[in-house]
Amino acid sequence: MDHFLYRDGALYAEDVAISEIAAAVGTPFYVYSTATLTRHFRLFDEALAGMDHLVCFAMKSNSNQAVLKLLGDLGAGMDVVSGGEYARAKAAGVPGDRIVFSGVGKTRAEMDMALKGGIRQFNVESEPEMMVLSEAALALGTVAPITIRVNPDVDAKTHEKISTGKKGDKFGIPISRAREVYALAASLKGLEVIGIDVHIGSQLTQLEPFELAYKKVAELTKQLRAEGHNIRRLDLGGGLGIPYTRSNDAPPLPSQYGQMVRQTLGDLGCEIEIEPGRLISGNAGLMVSKVIYVKSGEDRDFLILDGAMNDLVRPAMYGAHHDIVPVIEPAAGTEQHPYDIVGPICESGDTFAKARTMPPLQSGDLVAFRSAGAYGAVMSSEYNSRPLIPEVLVNGDQFAVIRARPTFDDLINRDTIPEWL
Ligand code: LLP
């Protein structure tokens, strides 16, 4: 469920007409709904009620300061994967003891930053990383709390580019070697082993792969405890999928996921951490774009938009589907027409959808890409010297620009021409 609905024939974000935002900020732009972000965070929080838990928002999915502040104020922790994300989380007011540092290639500088600024735990992914982290902590006269990310060799049954828990993926340490790696960690003076971490992929539409992985984690918890490790926190990663179309089978709900967690891990007495990104932010955002031209090709018609693959790369990168809807609701019974929906970038890959049926549209009409709040703005670039598009946050009947569109001068002035040229 989200808060982007038609009202009197026009698309709204909560109580604000999309066309009103477009008039104020120009197109294309991203718009997020406070009510949807809040609702999705709470769904997870409630799904884990009764267990000691923390929902850490995977801010790789949407890292705007306003979004982080909103979720942080609701009590969310943050899952960060870089020094930049750590700095953003802190700048948004999230305390260090609610920040979890994930990622397969943390640098010493990133470790130092988090050790000095405060951290809940590092999710460590290799032995060499462990050595460096232990050294970094000792040099600062402290001890780093860690979990070790294990790779459970489970097929997440999702897109190959976002599957992370299979043998052969670069993530975690093989669960078969977990006991020796935990023994090594326990011997390093700069580390305190507190738990286990697992994350098997993103956009999972079934519970079974999670359940398989979590059962392996439950077993490992018992083994490690028997070997003297004080396992008291389980970080279960993110990955619960969202419906990208209104017609396909709906993925499981956070409540069903929470129930499964309770069943597989609830009796271990561990604190539970999860790292959802997409389910919190994905359906809380739209990308709004304008039709520049409708062009008749030899055997098809093209809708040429002012938004492009640099603004929303998921279709070009993963072949991802986003529902695209007109901002003016078509009258009931309006005949639909197939269009190839494309951006203006000079690559055929700059195609959002092929033969997508839409009501007839013309130059100047607005369209909205649904489910664009996760992995949209954060993955955008300025390819073709197209400035990053603005982000807007709606709350009831008010809206605010939460990231402004850079001017062409901003773009140009980022470069420096050496004196000798
Ligand atoms: N935790 C870890 C360690 C992760 O690697 C990820 C996502 C998450 C949590 C959050 O997963 P989520 O709940 O959002 O599924 N750019 C791709 C998605 C990449 C996901 C990477 N890791 C896309 O647009 O589909």
Within the stretch 51-63, take every residue that is within 15 Å of the ligand (Cβ to nearest atom) and outside any strand (DSSP E or B) and give me the one that is nearest to Ala92 (Cα to Cα).
Ser63
Are any of the residues in the stretch 206-224 buried (at least 20 other Cβ atoms within 10 Å of the Cβ) and at positive phi?
no
Scan the stretch 135-185 residue by residue and report those that are within 12 Å of the ligand (Cβ to nearest atom), among the polar types (S, T, N, Q) and modelled with pLDDT of 90 or more.
Thr147, Asn151
Among Ser255, Ser281, which is under 21 Å from the mean Cα position of the chain (by Cα), in contact (Cβ under 8 Å) with a residue 60 or more places away in the chain and exposed (fewer than 15 other Cβ atoms within 10 Å of the Cβ)?
Ser255
Kindly indicate the residue of the stretch 64-84 that is within 16 Å of the ligand (Cβ to nearest atom) and closer than 21 Å to Gly195 by Cβ and also surrounded by the fewest Cβ atoms within 10 Å (Cβ to Cβ) among those meeting that condition.
Val81
Residue hits (the stretch 380-409; more than 16 Å from Val25 (Cβ to Cβ) and among the acidic types (Asp, Glu)) are Glu382, Asp397, Asp409
Filter result for the condition that a residue is of a type outside the set (S, T, N, Q), farther than 20 Å from Arg232 by Cα, open to solvent by 40 Å² or more (accessible area, probe 1.4 Å) and not in a helix (DSSP H, G or I), over Lys116, Lys166, Lys106:
Lys166
I'm checking my understanding of the structure. Among residues of the stretch 374-421 that are surrounded by fewer than 19 Cβ atoms within 10 Å (Cβ to Cβ) and of a type in the set (S, T, N, Q), which one is farthest from Glu20 (Cα to Cα)?
Thr416
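Yes/no matrix, rows are residues, columns are (1) within 16 Å of the ligand (Cβ to nearest atom); (2) assigned to a loop (DSSP other than H, G, I, E, B); (3) in contact (Cβ under 8 Å) with a residue 24 or more places away in the chain:
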site	(1), (2), (3)
His322	yes, yes, yes
Glu335	no, yes, yes
Asp340	no, no, yes
Ile345	no, yes, yes
Ser348	no, yes, no
Pro360	no, yes, yes
List pairs: first residue in the stretch 401-421 and of a type in the set (A, V, I, L, M, F, W, C), second residue surrounded by fewer than 12 Cβ atoms within 10 Å (Cβ to Cβ) anywhere in the structure, Cβ distance under 7 angstrom, at least six positions apart or on different chains.
Leu411/Ser385
Return yes or no: is Leu234 at pLDDT 95 or above, part of a strand (DSSP E or B), assigned by TED's automatic domain parsing to the domain that holds Ile18 and open to solvent by less than 10 Å² (accessible area, probe 1.4 Å)?
no
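The values are calculated or read from the model by the stated rules, or taken from the named source; none is laboratory data. Please read these numbers as outputs of a predicted model, since none were measured by experiment. Neighbour counts run over all protein chains shown; Cβ positions are idealised from the backbone, glycine included. Note: areas computed on protein heavy atoms with side chains; ligands, DNA, RNA excluded. Shrake-Rupley method; radii C 1.70, N 1.55, O 1.52, S 1.80 Å.
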